[in-house]
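Visitor: Below are the structure tokens for one structure; questions will follow.
The values are calculated or read from the model by the stated rules, or taken from the named source; none is laboratory data. No experiment lies behind these values; they were computed from the predicted model shown. Neighbour counts are summed over all protein chains in view; Cβ atoms, including those assigned to glycine, are modelled from backbone coordinates with ideal geometry. The accessibility values were calculated without ligands, DNA or RNA, using every heavy atom of the protein model including side chains. Shrake-Rupley method; radii C 1.70, N 1.55, O 1.52, S 1.80 Å.
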Amino acid sequence: MSEAFISRSNSTTSLSSSHSHTNQQNNAFNPSVKPVPFQSFMSEDTDIDLNLRVTNYEDVVRQLDVYYGHVKRKILSFQGASLGLFPATSKDKKIADVRTSVYCAMAVWALYQAYRRIDDDRGRSHELSQSAVKCMRATLLCWMRQATQVEEFKQNQKEMNALHSRFNLEHGGEIPGGISMHLQIDVVSLYLLTLTQMITSGLQIIYSMSEVNFIQNLVYYVERAYRTADYGMWERGNKYNTGTPEIHASSVGAAKAALEAINGLNLYGDKGSASSVIYVDIDAHNRNRSIFEALLPRESSSKNTDAALIPTISFPAFATHDERIIAATKTKVVRKLRGHHGFKRFLRDGYGTALEDPSRKYYLQGETKEFENIECEWPMFFAYMLIDGVFRNDRNQVREYQALLKPRMKRDKHGDMLMPMFYYVPYDCVSYEKAEPNSQPRVSSSTGGSADDVFLWGQSIYIISQLLFDGLLQPNGLDPIRRYLPSYNRPRQSCRYSAFQGTASDLVVQVVLFAESIRLQAMMATYGIQTQTPHEIEPVQIWSPSELVKVYKFLGVDEALGLTGRPGRPIGSLGTSKVYRISGQTVVCYPLIFEVTDFYLSHDMALLIDDIRTELHFVGKNWRLSGRPTVCILIREDHMRDPKFTELLDLLAQLKGGECDGLKVRTGRLQNLLASSCIEHLDFYDVMANDMPMSSFQQLQHKSLGYQSLTDIPKAMAYKERSEDLSVFEKRSTPEVVDALRNVETLYGRSVLLGILLKREGGDFLVDDVTVNDRLRALDHQAGSLRSWKTVRYCSSLFEKLVHSVSPSITSILVQGKQIAIGGSTPETEVVLDKPLAPGQVHSVFYQQVARYCLYQAALQQEVILYAGKLISTTPSLFQGIIKFRVGWVLTAMEIYRRDFEEGDNVQLVNCSPSEIRKLLYKVLTIDEWAEDMKLSPFQRRQLEGCLGRVPPDFYLRVWQILSRSEDGITVCNELLPSQPTLSSMTMNEHNFAILVEGMMSRILHPEYRQVLVECVLSFQLIIVMSTILHRNPELSLKSAVDLDLLVQAAHGIFVKEVSAKTMREDELDMTAFYSLSYAELNSYLARATVNHMLTSEQISDSPCRVS
């Protein structure tokens, strides 16, 4: 192949991409005009016609033919003859790799797009397009054979149910031995994204409705990427290479991009009918978007950054258009991973290094330390960065990476340029490279270095980059759906289906108020609140979210493949804000917060009011579709009887004014708002064919007009009861329990006695001809009406009820890099959740583990997690510095706050309403905002902060510094954090290290004591004093483990000796008095104890530490 393939000299011709259409036309037929490689790839008109006249036609054809020969020799010659898949390397004749196959198809398709701009291509564009189609269809057919696994994966995201990433090259069968069973969400997402691009360009890839249904199920497959731990782009999971998957930002971002791209796509192209359109759950897309942006610039818990993020934030995914996030992520990747020969995949990556043992699939514990500073460098990412520069129209970046890429390429006997897989440090140079990074020469891998062993993924990216660089391919040709542009800048398409078009800066949320009855409507009108009844909006119907779920179950159903359609997941806030057209009917859907469930939260009007505000702001913040969101608010007659109904009226009056806490809203009649709404056509559903009964929100009928004002409405009674201890009946006989049940007057007392009978005799046991279950249901209903919250929570726990959104709330907390500890307040009674769980698994945790310690805690802790999940989604800063969210300790903090700062004797949290629990949670999380105004004592603040488990930003960094100088490690409450293998297997800024430290800190039983240890770091004492001493004396190290408990005891001893001699008896100076000292006083004692320990206890060794 000629030097023209990569040359940037004027002798190499390319397409002119002038900003002026006039210049293009004038230069098109002027043979004297020599086009200059890479001027500006962007035209002022971003919707460039692919068939524009080109400059210097003959030279362009000749250059394209050079690329054609290269693609034939280095890509297509390795395509499987019978099936059409590609191997990872040309040397492999048996195994096809899906990721490589998609990238090869992409490179072939890119050249096809370039050929489309010339008139006479001698049939080459057709050949190229069909080769790409063959590869994409081969992948699809291989996956369709695994349709049963897709069906299982929709319900349970386990590795055993994942689609394979490798198949037999010739017949597409599964690879024996399971080596192909790698859960890689980003591979499926990449396929969907590439499929969308190719179909949009005009290729026909999908042939049948079974294939359409399967693609729809692939959408369901990737929708839960935000909560699915996978093996990532490198098929290794965490960086320790122990076979453990984790949540990767690159996988979540790829899924987000794929969902955004394929939404509303007709798989048959322009000629397709409504039956071949793909639908995406906007709430699933939003969860992936928010989690992806929250993870960045970090890749995962073990990887602080990763080169896999480059193709995620840039070509081909373009998963975010937030320039701040893009800049932070790209800067971090370049700073930490870029070398002279390419990018490292991630820090301490041992793949391909001279020290890696290729005979072992997994690494030994701490082995990754051996690969530090000698990680292989992959030149493929220079090509990715070049492509990124083209799409960003950054000429300097394009030139920089072209200059870096050119010397790393190899030339084979045909003159073709080859992309080596990586460059590694030779074994003889490893020790020198470790001592002085970037000082030793690197050698290219055998893979990619010769014509007999082509690295096809890298070769494909190289071809795409050079097509762009030489101006033969425009960015719009490579990205027909304009992923590189923010959604609001993409060409708007006239389409029946909702499309992602970005969010207007002044978005208006439309609100429609529905009254359950005419008399309720009349009463609301008395207060100036205009509502509509279901009869007034006919033929429009009002559905619950559960009815919409029934309709979506028919989407993607295919009996031949065994696919059942959309899983029965609830429709979220964004999905219920659309207006639906279903088989000729117009349907609006109210949010989940108005769904009447058997869980007790619906009895709290104050909670509902807060939920309405939160709902409106959530929709306003996260709306990404064309058209305005329409939120339906239901007002039921039961709401009128609540003492806090006037607060709901105040909120509705505020909405009528066009504003809700800074959010623009517009209330009005539904008929007037439909024209500006986001309308979704569910054309796949046929009412006549499916014959499934659907129920809509029904209007209540009354004989009289009824109430004229709130004063006419009977209010719910305020219920109070005395506390009783009935635990003695657990040891009494059943007749005695039944007799007590007949005589007890309090609701809670009856619930306890019925609970004893339920456990002992079962729910069908008869008491006065009524079963225990029936009595409990009646009691639960009565307690809910009377707002007896302790009784309601106890009954809910007896019935083992699970709030509908607790599982998503757990996921929301976990994906923010947190852990959740539920149960008691000690390590023995806590259950730590570190990965998302299905609802069934969540139910098991609460009622098989938490309930056995305290029954009503199973319900109360669900509330806290539910509220925390919403708060962390809307205000993640509240949880900054908290790695492990310990629900039991958080409840303790709330009890402390009520005890010290709220009047009344009702301290027990179980007696508080759900809205009060939510407010208390918010209060303790915002302690910094009110601590000074409310004059918290040092002891009170230490208790509250210790319960939260919040630490300052540099806390874990300081722990690492001490650990790196201690020969044995750090001890807290007899729990040792060892120096080895911690320092060898982890890095300083690694998220997993913070989790490990929290595991040690969890042994502490008293929150104020925990805060004293953390406080030492905060005020540059104890740990910081030690690290400062060691920093100034790097030759010093600690002989034994640093026992933090002994240091605190020593500080307390100094305090006792000094203060008892002045004012108090020594026996009065317990730890409480020590914890009550001001921050300055306590830290002075800690500092003195630390210095004494360092200098007088023979802890210091002159020999350097083994790991520094």
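Visitor: Based solely on C-alpha atoms, express the radius of gyration and the Dmax of the stretch 63-142 in angstrom.
Guide: 12.4, 39
Visitor: How large is log10 of I(q)/I(0) for the stretch 408-564 at q = 0.09, 0.13, 0.14, 0.15 Å⁻¹ when the intensity is taken from the Debye formula with one equal scatterer per alpha-carbon?
Guide: -0.73, -0.98, -1.03, -1.07
Visitor: Hey, got the Cα dimensions of the stretch 863-947 along the principal axes, in Å, largest first?
Guide: Per principal axis, max minus min of the Cα coordinates gives 32, 28, 20 Å.
Visitor: Nearest 10 degrees, 0 to 90: what angle lies between the long axis of helix 645-656 and the longest principal axis of the chain (Cα atoms)?
Guide: Here the helix axis deviates by roughly 30 degrees.
Visitor: A further question on this structure: Rounded to the nearest 10 degrees, what's the angle between the helix 57-74 long axis and the longest principal axis of the chain, both from Cα atoms, 0 to 90?
Guide: Its long axis makes an angle of about 70 degrees.
Visitor: Please quote Rg/Rh for the stretch 753-858 to two decimal places, taking the Kirkwood radius as Rh and restricting both calculations to Cα atoms.
Guide: Here the Rg-to-Rh quotient is 1.04.
Visitor: If the cut-off is a Cα-Cα distance under 17 Å, which lysines reach K935, setting aside same-chain residues fewer than 8 apart in sequence?
Guide: K923
Visitor: Given a cut-off of 11 Å, what percent of all Cα-Cα pairs of the stretch 440-484 lie beyond it?
Guide: 73
Visitor: Starting from the amide H of F885, placed 1.01 Å from N in the peptide plane, find each other amide H under 5 Å away whose residue is 5 or more places distant or on another chain.
Guide: Placed amide hydrogens put Q819, I820, A821 under 5 Å from F885.
Visitor: Still on this structure, I have one more. For E830, list long-range residues whose amide hydrogen, built 1.01 Å from N in the peptide plane, is under 5 Å from its own amide hydrogen.
Guide: G824
Visitor: Where Lys and Arg each count +1 and Asp and Glu each count -1, what net charge lies around G350 among other residues with Cβ under 15 Å from its Cβ?
Guide: In short, -1.
Visitor: Of M419, L405, A451, which is farthest on the positive side of the dipole of the stretch 405-465, counting Cα position, with +1 on Lys and Arg Cβ, -1 on Asp and Glu Cβ, and the Cα centre as origin?
Guide: Ranked along the dipole, the leading option is L405.
Visitor: What is the diffusion coefficient of the stretch 898-992 in µm²/s, taking the Kirkwood radius over Cα pairs and the Stokes-Einstein relation at 25 °C with a viscosity of 0.890 mPa s?
Guide: Taking Rh from Cα pairs, D becomes 147 µm²/s.
Visitor: D for the stretch 55-482, whole µm²/s, Stokes-Einstein with Kirkwood Rh over alpha-carbon pairs at 20 °C and 1.002 mPa s: what number?
Guide: In µm²/s, the coefficient is 98.
Visitor: Viscosity 1.567 mPa s, temperature 4 °C: what is the translational diffusion coefficient of the chain from Stokes-Einstein with a Kirkwood Rh over Cα pairs, rounded to a whole number of µm²/s?
Guide: Numbers: Rh = 32.9 Å.
My calculation gives 39 µm²/s for D.
Visitor: A further question follows. How much accessible surface does M409 have with a 1.4 Å probe, in Å² rounded to 10?
Guide: Ignoring ligands and nucleic acids, M409 comes out at about 20 Å².
Visitor: Shifting gears a bit: Could you work out the relative contact order of the stretch 932-1013? I mean the mean sequence separation of Cα pairs under 8 Å and 6+ apart, divided by the number of residues, in percent.
Guide: Details: 68 pairs, mean separation 33.3, N = 82.
Relative CO of the stretch 932-1013 lands at 41 percent.
Visitor: Using only the alpha carbons, work out the radius of gyration and Dmax of the stretch 192-262 in angstrom.
Guide: 14.5, 44
Visitor: Count the net charge of all other residues whose Cβ sits under 13 Å from the Cβ of G824, scoring Lys and Arg as +1 and Asp and Glu as -1.
Guide: Numbers: positive: R852, R886; negative: E828, E830.
Net local charge, G824 excluded: 0.
Visitor: Continuing with this model, one more query. How large are Rg and Dmax for the stretch 727-786 when calculated on the C-alpha trace, in angstrom?
Guide: Expressed in Å, the Cα Rg and Dmax of the stretch 727-786 come to 10.7, 32.
Visitor: Another question, if that's okay. One-quarter of the Cα convex hull surface for the stretch 509-687, in nm²?
Guide: Its average projected convex-hull area is 11.2 nm².
Visitor: Something else: Mind jotting down a quarter of the surface of the convex hull over the alpha carbons of the stretch 310-388, in square nanometres, one decimal?
Guide: Reported value for the Cα convex hull: 6.2 nm².
Visitor: If amide hydrogens are placed 1.01 Å from N in the peptide plane, which non-local residues have theirs closer than 5 Å to the one on V511?
Guide: V631, R666, T667, G668
Visitor: Quick check: with the 1.4 Å probe, what order do V631, V1059 take by accessible area, largest first? Could you put the intermediate results ahead of the total?
Guide: On the way: V631 5, V1059 30 Å².
Sorted descending by solvent-accessible area, the residues read V1059, V631.
Visitor: Also, quick follow-up: Just to confirm the number: angle between the C-alpha axis of helix 456-469 and the first principal axis of the chain, 0 to 90 degrees, nearest 10?
Guide: Once rounded, the angle reads 70 degrees.
Visitor: Holding the Cα-Cα limit at 19 Å, pick out from K74/K410; K621/K664; K553/K870; K344/K369; K550/K621; K336/K369 the pairs that are longer than that.
Guide: K553/K870; K550/K621
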